[in-house]
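Visitor: Got a structure here, written out as structure tokens. Questions coming.
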Amino acid sequence: MPAKDLDQIVNLCKRRGFVYPSAEIYGGFRSSYDYGPLGSLMLRNVKESWIRTMVQQRDDTVLIDAAILGPPQVFEASGHLANFSDPLVDCTVCNRRFREDHIEERDCPQGKKGCEFTESRAFNLMFKTTAGPVEGSGADVYMRPETAQGMFVNFANVLQTSRKRPPFGIAQVGKSFRNEITPGNFIFRTREFEQMEMEFFVPPAEGPKWYEYWCQARLDWYVELGIPREMLRIRPHDADELSHYSAGTSDVEFMFPWGWGELEGIAQRTDFDLTQHANASGQKLDFFDQATNERYIPYVIEPAAGANRTMAAFLLAAYDEDVVNEEARTVLRLHPRLAPYKVAVLPLSKKDTLSPLAREIYGKLSQRYMCDYDETQAIGRRYRRQDEIGTPLCVTVDFDSLEDNAVTIRHRDSTEQVRVPIAELLDNVSNILGF
Ligand code: ATP
């Protein structure tokens, strides 16, 4: 049973060191979060799983890592300076601000009575800052609101250096910043977040085919990593929802405790961005196809996902409570690729006699996997802790291990235990995890 309530995850994240409110010792910094020892590992696993599927396992994509700060020209050409805004309304009664499209039937989103809203006005979501040592005299720069523009402005560089030709993709994972009017729902909407985006460049006639392809491929990715299919849906945008660059967008949505919410948008950006940047920069951003003797500006299909939101969805879907030996436990049934630790090595007792062997085993396993080592508390409590943080396997070293050179592998999901020779441990672990 996945979590029904966001607080189940928020509490677990705080208690076990996944996610903390940012700057908490100063009372917190609204809607910002820091990823702790486990959360930083899991977030990295989400991003690496994306790179694995989108780059490593394909021969038609490459990865880049572009700058976060950009000059106004980039965002002027992309249309973000003029168009990247949300409709802001003020309440004249409670003096709060809301996104107009988050207000249903003029009702206050916070359930307050008697709210009166002003007409909406466009509020640009980009963070602007100044580059240079003297305040007031520097150049205006913007923090990117999406990673996408890094791929467009590097299109010609990548084409020349990577020997790729359409259809091919440029992928990027990194931070983006939006001055959201109403951040909230834990890590679902924050002003600083990480995106996992791919610009897939295709011959214009192949646009619709690749759009279909990416909608399905992206949905499959979430299912393969453990989200039940019925908690996901693909929702095509209505015409009035489309971004300024899009000729058609579908969202992959997840059933959050408050309802369906977007994890990823798959957009047909056509040749909009490359044309805009070619015109603004005076550089050629097209492709010459020697086979057909044709020169064209590729069309772009963009699957754009958020790493933090996706991590929240994986946590919610993996959350479970069950009863083992008449004792209630909380267990995160995370896919092994996403779990912060793959294996926990647990000497049965803290006695010095077991530590050397347990540490030797930890040393071997940690060459290949992120592992935990824990010799505090009773073994049952240590199993519960590993269950709660989603560790798929525990390896227990006991006094018999010193005689029979074997250890016990305990499975998180079934709590089943199997004895295996230490010499075969790595193979066993790899077979169970699947990597
Ligand atoms: P929303 O409608 O929820 O504001 P969006 O349609 O503006 O999202 P996109 O521009 O399509 O979002 O960005 C791609 C992905 O980046 C989103 O699907 C989401 O996962 C992530 N994302 C966007 N804004 C935020 C945010 N403020 N906090 C966390 N993740 C975000």
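Visitor: At N83 and D5, where each label point lies 7 Å from the Cα along Cα→Cβ, what is the point-to-point distance in nanometres?
Guide: Roughly 4.3 nm, to one decimal.
Visitor: Cα-Cα over 24 Å: which of K14/K175; K164/K284; K14/K47; K128/K175; K175/K284; K14/K342?
Guide: As for pairs spanning more than 24 Å Cα to Cα, those are K175/K284.
Visitor: I need the calculated FRET efficiency for the pair A247 and N428, taking r as the beta carbon distance and R₀ as 41 Å, to the nearest 0.05.
Guide: With R0 = 41 Å, the Cβ-Cβ based efficiency is 0.20.
Visitor: Check each of the GluC sites (Glu not before Pro) in region 126-216 and keep only those in coil by DSSP with at most 13 other C-beta atoms within 10 angstrom; list them in order.
Guide: The qualifying sites are E135.
Visitor: With a 1.4 Å probe and every protein chain left in place, work out the accessible area per residue of region 341-433 in Å², rounded to a whole number.
Guide: 47
Visitor: At 0.36 nm per residue, and after removing the present C-alpha to C-alpha distance, how many nm does the segment from L402 to K175 gain when stretched out fully?
Guide: 76.8 nm
Visitor: What distance in nm lies between label points placed 7 Å from Cα along the C-beta direction at A217 and Y20?
Guide: 4.0
Visitor: Assuming R0 = 22 Å, what is the FRET efficiency of L63 and A291, from their Cβ-Cβ distance, to the nearest 0.05?
Guide: Efficiency computed from Cβ-Cβ geometry: 0.25.
Visitor: Another question, if that's okay. Quick one: accessible surface of M370, probe radius 1.4 Å, all protein chains present, in square angstrom to the nearest 10.
Guide: Accessible area, nearest 10 Å²: 80 Å².
Visitor: Based on alpha-carbon centroids, what's the gap between region 9-48 and region 239-254 in Å, whole number please?
Guide: 30
Visitor: Cβ under 11 Å from R309's Cβ, R309 left aside: what net charge do those residues give with Lys, Arg +1 and Asp, Glu -1?
Guide: So the surrounding residues net to -3.
Visitor: Tell me, in nm to one decimal, what length is gained between E360 and E119 on full extension, where the rule is 0.36 nm per residue of separation less the Cα-Cα distance?
Guide: 80.0 nm
Visitor: Just for the chain, what percent of DSSP beta bridges are antiparallel, to the closest 5?
Guide: Percent antiparallel among DSSP bridges in the chain is about 85.
Visitor: Test of understanding: what is the full-extension gain from Q110 to R97, defined as 0.36 nm times their sequence separation minus their Cα-Cα distance?
Guide: Length difference between fully extended and current span is 3.6 nm.
Visitor: How many percent of the alpha carbon pairs in region 342-421 exceed a separation of 22 Å?
Guide: 14
Visitor: What distance in nm separates the two pseudo spin-label positions at E326 and S414, each 7 Å out from Cα along the beta-carbon direction?
Guide: Simple spin-label model gives 2.5 nm for this pair.
Visitor: Cβ neighbours within 10 Å, averaged per peptide: list 126-133, 242-249, 14-21 in order, most packed at the top.
Guide: 14-21, 242-249, 126-133
Visitor: Compare F152, F272, F188 by solvent-accessible area with a 1.4 Å probe and give them largest first, with all protein chains kept in place.
Guide: Greatest to least solvent exposure: F272, F188, F152.
Visitor: Roughly how tilted is helix 379-388, in degrees to the nearest 10 and between 0 and 90, from the longest Cα axis of the chain?
Guide: That helix lies at roughly 10 degrees to the long axis.
Visitor: Where both residues lie in region 341-433, what percent of DSSP beta bridges are antiparallel, nearest 5?
Guide: The antiparallel fraction comes to roughly 55 percent.
Visitor: Work out, in µm²/s and without decimals, the Stokes-Einstein translational diffusion coefficient of the chain at 20 °C, 1.002 mPa s, Rh from Kirkwood over C-alpha pairs.
Guide: Reported coefficient: 88 µm²/s.
Visitor: Further, regarding this structure: What's the carbon and sulfur percent of region 239-389's accessible surface, probe 1.4 angstrom, rounded to a whole number?
Guide: 46
Visitor: Same structure, new question: Any chance you could give the angle, 0 to 90 degrees and rounded to 10, that helix 355-368 forms with the longest Cα principal axis of the chain?
Guide: Tilt relative to the chain: about 30 degrees.
Visitor: Provide the FRET efficiency to the nearest 0.05 for the F29-S162 pair, computing r from the beta carbons and using R0 = 45 Å.
Guide: E(calc), rounded to 0.05, equals 0.70.
Visitor: Of the heavy-atom accessible surface of region 94-163 (probe 1.4 angstrom), what whole percent is carbon and sulfur?
Guide: C and S fraction of accessible area: 44 percent.
Visitor: Could you give the dipole magnitude of the chain about its Cα centre, charging the beta-carbon of Lys and Arg +1 and that of Asp and Glu -1, in debye to the nearest 20?
Guide: Roughly 820 debye for the chain.
Visitor: Quick one: angle between helix 6-16 and the longest Cα principal axis of the chain, in degrees between 0 and 90, rounded to 10, please.
Guide: It works out to around 60 degrees.
Visitor: Near K112, which lysines are there with a Cα under 27 Å away, not counting those fewer than 8 places off in the same chain?
Guide: Hits, sequence-local ones excluded: K4.
The values are calculated or read from the model by the stated rules, or taken from the named source; none is laboratory data. As the structure is a computational prediction, the values presented were derived from the model and not from experiment. Reconstructed Cβ throughout: ideal geometry from the backbone, glycine too, with neighbour counts over all protein chains shown. The protein model used for the area step is the full one, side chains on, heavy atoms only, and it has no ligands, DNA or RNA in it. Shrake-Rupley method; radii C 1.70, N 1.55, O 1.52, S 1.80 Å.
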